[in-house]
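Structure, as structure tokens:
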Amino acid sequence: MYVKIHRSGNSKVIAICDENLINKEFEEGSLYIKVSESFFKGEKKNKEDVKKILKEAGNVNFIGGESVSVAIESGLISKEDVKKIKKIPCAFYFGG
């Protein structure tokens, strides 16, 4: 998975996506997402590293099955929070 942390002042947004989705676009009905390299392609991390990062997460974008699974396993989101665009799982966490 790729993990990229965007910082602005005291806040941060974490972008996590499956490696095979970089630079792809998905559209279905009114839903659209572009998995841009500039937003999502950060450092490659394994599942355990991602779980550690998520312990201090505030706002996170998850794109792809592997990324979304880690979010569910970490307890940040539930299966009901997951949307699919062209069968690609996507989820967003806005928390403390």
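Summary of computed values
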| read-out | value |
| --- | --- |
| Partner aspartates and glutamates for Lys44 [C-alpha distance under 12 Å; skip if fewer than 8 residues away on the same chain] | Asp18, Glu19 |
| Relative contact order computed over the range 2-94 (Cα-Cα under 8 Å; 6+ residues apart), in percent | 30 percent |
| Cα-based shape type of the chain, given that a ≥ b ≥ c are square roots of the gyration tensor eigenvalues and the cut on a/c is 1.5 | rounded |
| Within the chain, helix-based [θ] at 222 nm, where runs of 4 or more DSSP H residues each add -39,500 (n - 2.57), nearest 500 | -5500 deg cm²/dmol |
| 14 Å beta-carbon shell around Lys84, net charge (K/R +1, D/E -1) | -1 |
| Difference of contour (0.36 nm per residue) and Cα-Cα distance, Lys34 to Ile72 | 11.5 nm |
| Which listed pairs, of Lys12/Lys86; Lys24/Lys87; Lys52/Lys87; Lys24/Lys52; Lys24/Lys79; Lys52/Lys86, have C-alpha distances above 25 Å, in listed order | Lys12/Lys86; Lys52/Lys87; Lys24/Lys52; Lys52/Lys86 |
| In the range 23-54, GluC sites (Glu not before Pro) in a DSSP loop with at most 10 other beta-carbon atoms within 10 Å | none |
| Residue-by-residue Karplus 3J(HN,Hα) for the range 69-83, coefficients 6.51, -1.76, 1.60, Hz, glycine and proline x | 4, 5, 5, 5, 4, 7, x, 6, 9, 10, 4, 5, 7, 8, 10 |
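Coordinate-derived values only; no laboratory data. Only a predicted model underlies this, so the values are computations on that prediction, with no experimental measurement involved. All Cβ positions, glycine included, derive from the backbone under ideal geometry; neighbour counts span all protein chains shown.
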